[in-house]
Amino acid sequence: MPHPVLCKRKERTGSMAIQLTPEQEQRIQAVVNAGVYPSSAYPSTKEALDAAVAAVEIAAAPGFEGTQEELEALLVEGLNSGEPVEADKAFWNRLRAETDQMAAEHRARTSRP
C-alpha cells in the first residue's frame with residue numbers, strides 16, 4: 001500500500017509543504033540525476049517536480065487546447081470557487097440532469113431555421 005503524501009497549504013503564500021516517502025524521494029532524485037547532458041535531466045528537484053505537476057495537469061485535462069497559463073488559471077479558479085461538495089451518487093445524478101437540460105435547450109435553440 002502506498003504511503004500518503006502529507007500536505008500543508010500556506011494560505012497566504014500559496015506554497016505547499018509535502019512529506020515524500022523515501023521511494024518518492026529516490027524517484028525524483030533519479031530524474032534529477034538522469035543523463036550526462038543538461039538537456040536530458042532536470043537541473044533541480046523543483047524543476048523536476050514542476051514538470052511532473054504540469055504533466056499531471058495536462059493528463060487531467062485531455063483535449064484542453066489552451067496554454068499552460070490558462071490551464072493554471074482555470075485550476076486556481078476551480079479551487080477558489082467555493083466550499084467543496086461531496087461527489088456522491090446524488091451529486092452526479094443531479095449534475096447529469098442539469099447538463100442534459102442545458103444540452104436540450106442548446107439543441108432547441110440551434111436547430112431552429
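The values are calculated or read from the model by the stated rules, or taken from the named source; none is laboratory data. Just so we're clear, the structure is a prediction, and the values are computed from it rather than from any experiment. All Cβ positions, glycine included, derive from the backbone under ideal geometry; neighbour counts span all protein chains shown.
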**Prompt:** Within region 78-87, is there a residue that is more than 30 Å from ASP50 (Cα to Cα) and either in a loop (DSSP other than H, G, I, E, B) or in contact (Cβ under 8 Å) with a residue 60 or more places away in the chain (or both)?
**Reply:** no
**Message:** Can you tell me how many residues within region 54-65 are β-branched (Val, Ile, Thr) and surrounded by 11 or more Cβ atoms within 10 Å (Cβ to Cβ)?
**Reply:** 1
**Asked** For region 12-41, which residues satisfy the criterion of being within 21 Å of the chain's Cα centre (by Cα) and at pLDDT below 80?
**Response** ARG12, THR13, GLY14, SER15, MET16
**Asked** Looking at this structure, is GLU72 modelled with pLDDT of 80 or more, acidic (Asp, Glu) and over 29 Å from ARG27 (Cα atoms)?
**Response** no
**Message:** For the structure I just gave you, tell me whether ALA54 is more than 27 Å from LEU75 (Cα to Cα), in a helix (DSSP H, G or I), modelled with pLDDT of 70 or more and of a type in the set (A, V, I, L, M).
**Reply:** no
